[in-house]
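The values are calculated or read from the model by the stated rules, or taken from the named source; none is laboratory data. Note that the structure is predicted; figures quoted are calculated from it, not measured. Cβ placement follows ideal geometry from the backbone for every residue including glycine, while neighbour counts extend to all protein chains displayed. Just the protein is used for accessible areas: all its heavy atoms, side chains included, with ligands, DNA and RNA removed. Shrake-Rupley method; radii C 1.70, N 1.55, O 1.52, S 1.80 Å.
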Amino acid sequence: MGIPHGRRRVVVDRVFPEIDCGSFPVKRVEGDDVTVEADAFADGHDAVRIVLRHRRRNGRWQETEMEALGNDRYRAAFRVAKPGRYEYSVCGWVDHFRTWQDGLAKKHAAGVETDVDLLIGADLVEEAASRASAAPAAASRASGAKAAGADVRAGTGAGAGTDAERLKELSAALRNAKTLHAERVRVATSSELTSLMDAYPDRSLQTDYPRTLQVKVDRERAAFSAWYEVFPRSTSPEPGEHGTFADLANRLDYIAELGFDIVYLPPIHPIGHTKRKGRNNALEAGPHDPGSPWAIGSEEGGHTAIHPELGSLDDFKSLVEAANGYGMEIALDIAFQCSPDHPWVREHPEWFVLRPDGSVQFAENPPKKYEDIYPINFETEDWEALWQELKDVFQHWIDAGVRVFRVDNPHTKAYGFWEWLIDDLTERYPDLIFLAEAFTRPRRMYGLAKLGFNQSYTYFTWRNSPAEFREYLTELTTTEVAEYFRPNFWPNTPDILHEDLQLGGRPAFLVRYALAATLSSNVGIYGPAFEKVEHTPREEGSEEYLHSEKYEIRYWELHQAGDLTSFIAAVNRARRENPALQRNRNLRFHAVDNPNLLCYSKSSDDGKNVIFVVVNMDYHAPQAGWVEFSPAAVGLSHTAPFTVRDLLTDTAYRWDGYWNFVRLDPAGVPAHLFRLER
């Protein structure tokens, strides 16, 4: 360890946010403020100046003076305007002028008058005049960091000379023994001199925080989105027919009416024939079984090819354009695994694990066997060629207009690969969004988020009581995790039909979507299974669907009586119209005297938009209780009676006081989505 500079007296410590000693960036979206705090102090009683430095990566440093919060803690913020990487750090120095100025004022107030004190100050001012003469005016003023966004590399100008001359005049005024002492003290403590001295400080003994920290800034949709998963092959208007991209394009108006903005497609590639799975995951496929889209690759191509029955690449590009016309985007599933028929198996056997008998190791999770899928071996000696080929897959679809990717099981691929790939691609395409489908242990999930994944699947599906939601959401929104991990809540997926949905009936579907869409600013469903209340498992104790679309083509009749389309559309409309529901850190849980009710609120940053949600998590019986909600409960200074309007039923209620009564019947709408009316 090197010896620190012996004359640097300021200590800068405990900078926040900082992830793993600066190894990973924090996450924000365009237009956000990045608020930074730090501990900073020096020995003795001297005044210190603490500055936040920030810039777009490889741009010009700007500085903002940090505000003292008390107990040697400081805070400042800067705004990130565009997607990309930004950098920040903290520095500080002892300010001898402010120390002198404060001491002079105290002595004057106590009636102590000594010329030597004024001469000390005059020397300090004269030194500042020399710095003003030598430094660019705008740059030096930025050193004072009075204004956020000051450019510390601005050009020279006449202002520097003018400031230097004025500082010399003020220094002379302090030395002028013919002037009354009180008048010289007035000059010494004047706002003019203070401003000039702040602009040209002596930073020769400045302490710099030893690390430059980073912010990864994404576009808005990374923080606020609604995903709709649909199998294109199941979108034909004719029962029994294989759907096409054109058929899906004709369904986009339906998805848009539901209020979704990302249309996510499972793999669209050719499907292997060898060991193809049959309906309901049968080990042997019938002659007309289409197989699982995740068994990627055949003689027709691999990860950059399209299943011929879906259409051509031009048809896909037309689908992307059609979705954009509705304000939606197409998201593609990227699953780095291969069927035995994938071209890579033949062309690059070194990319797979070969068993002693010469066969390729298939995927398995004993006692389950997935003989239609070969995992990729990320320990291959040919790893560089493999990495480049996998990146080329993303590049192919980026060139086709895709900017959103759902990545299948990223935690089963090398973490170093994802860090390299995401950093490389987002440097060139800052608008990319990667969703990690990683149902795995927390540190693995969080590790992927640190490496660059913009969003992640979560344990939402397996949180099934008010107490569990309180604990889990507190972790996601109030700890360091919130700096880099963006949860995306899915009530169902093609792989997951939770017991709550199997047994809870229609009320469970209503509650689970209300929770997912309001607890998290990113939400998704697998449809049309969800809005059609599909709830039958393959067998008791299984989370697999009976007649799963993973193994067969389904025909869906849209707009049926009793489906959830109007409810989902109402919830999504509330999300779009209320900024409070578009972020996660503003979540606040509220007390209630009934353990079957979950109550929470979200408020916009300016406090003008407040949403209060009450959910009955008993899917079979009405529940009532007194809930802690009032303007004061969300930090607003208001005690008069107030109105809340339920955005799901357009019903208004007049409430008064800190505690108010609610009753929710699962036979109707088992959730309130209140907006506080002004």
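Under a cut-off of 20 Å between alpha-carbon atoms, report the aspartates and glutamates in cross-link reach of Lys317, not counting same-chain residues fewer than 8 places apart.
Glu229, Asp247, Asp253, Asp261, Glu300, Glu309, Glu329, Asp333, Asp392, Asp399, Asp431
Could you work out [θ]222 nm for the chain from helices alone, using -39500 (n - 2.57) per DSSP H run of at least four and dividing by all its residues? Round to the nearest 500 deg cm²/dmol.
-9000 deg cm²/dmol
Please report the spacing between the Cα centers of region 285-324 and region 229-283 in Å, no decimals.
A separation of 10 Å, based on Cα centres.
Accessible area of Leu52, 1.4 Å probe, to the nearest 10 Å²?
For Leu52, solvent-accessible area is about 0 Å².
With a 1.4 Å probe and every protein chain left in place, tell me how much accessible area Tyr658 has, in Å² to the nearest 10.
100
Using only the heavy atoms of the protein chains and a 1.4 Å probe, how would Tyr415, Tyr326 rank by accessible area, largest first?
Tyr326, Tyr415
Round to the nearest 0.05 the FRET efficiency obtained for Lys107 and Asp431 when R0 = 45 Å and r is the Cβ-Cβ distance.
The calculated FRET efficiency here is 0.15.
Quote the accessible area belonging to Arg583 in square angstrom, nearest 10, computed with a 1.4 Å probe and with ligands, DNA and RNA left uncounted.
It works out to around 70 Å².
Could you give the angle, 0 to 90 degrees to the nearest 10, between helix 415-428's Cα long axis and the longest principal axis of the Cα atoms of the chain?
That helix lies at roughly 70 degrees to the long axis.
Out of the total accessible area of region 207-300 (probe 1.4 Å, heavy atoms of protein only), what percent is carbon and sulfur?
Its accessible area is 47 percent carbon and sulfur atoms.
Can you tally the net charge around Asp261? Count Lys and Arg as +1, Asp and Glu as -1, for every other residue whose Cβ sits under 11 Å from the Cβ of Asp261.
+1
Report, ordered by chain and residue number, the aspartates and glutamates lying within cross-link reach of Lys106, taken as a straight Cα distance under 13 Å and ignoring same-chain residues fewer than 8 apart.
Counting by Cα, and skipping residues close in sequence, Lys106 has these aspartates and glutamates nearby: Asp117.
In square angstrom, what is the accessible area per residue of the chain with a 1.4 angstrom probe?
43
Take every DSSP beta bridge with both residues inside the chain and express the antiparallel ones as a percent of the total, to the nearest 5.
70
What is the sum of charges around Ala182, taking Lys and Arg as +1, Asp and Glu as -1, for the other residues whose C-beta is under 14 Å from the C-beta of Ala182?
It works out to a net charge of 0.
Please label the shape of the chain as rounded, prolate or oblate, based on the square roots a ≥ b ≥ c of the eigenvalues of the alpha-carbon gyration tensor (a/c under 1.5 means rounded; beyond that, a/b larger than b/c means prolate, else oblate).
Verdict is prolate for the chain.
Under the 0.36 nm per residue contour assumption, what length would be gained going from the current alpha-carbon distance of Asn464 and Arg8 to full extension?
158.7 nm
Roughly how many whole Å is it from the C-alpha centroid of region 476-513 to that of region 547-619?
10
Let me make sure I get this right: for region 257-324, a, b and c are the square roots of the gyration tensor eigenvalues over alpha carbons, sorted descending. Under 1.5 in a/c it's rounded, otherwise prolate if a/b > b/c, else oblate. Which is it?
oblate
Can you sort Arg79, Arg486 by 1.4 Å-probe accessible area, starting with the largest?
Arg79, Arg486
What distance in nm separates the simple spin-label points at Arg75 and Asp208, each placed 7 Å from Cα in the Cβ direction?
2.8
Given +1 on the Cβ of Lys and Arg, -1 on the Cβ of Asp and Glu, and no further charges, what dipole in debye does region 385-511 carry about its Cα centre, rounded to the nearest 20?
Around 240 debye, computed over region 385-511.
Give a quick list of trypsin sites (Lys or Arg not before Pro) in region 587-647 that DSSP marks as loop, anything other than H, G, I, E or B, with at most 15 other Cβ atoms within 10 Å.
Lys608
Name the residue from Val94, Gly84, Val51 whose Cα lies farthest towards the positive end of the charge dipole of region 1-99, charges +1 on Cβ of Lys and Arg and -1 on Cβ of Asp and Glu.
Farthest towards the positive pole: Gly84.
How much net charge surrounds Ala323 when only the other residues with a Cβ under 10 Å from the Cβ of Ala323 are counted, with Lys and Arg +1 and Asp and Glu -1?
-3
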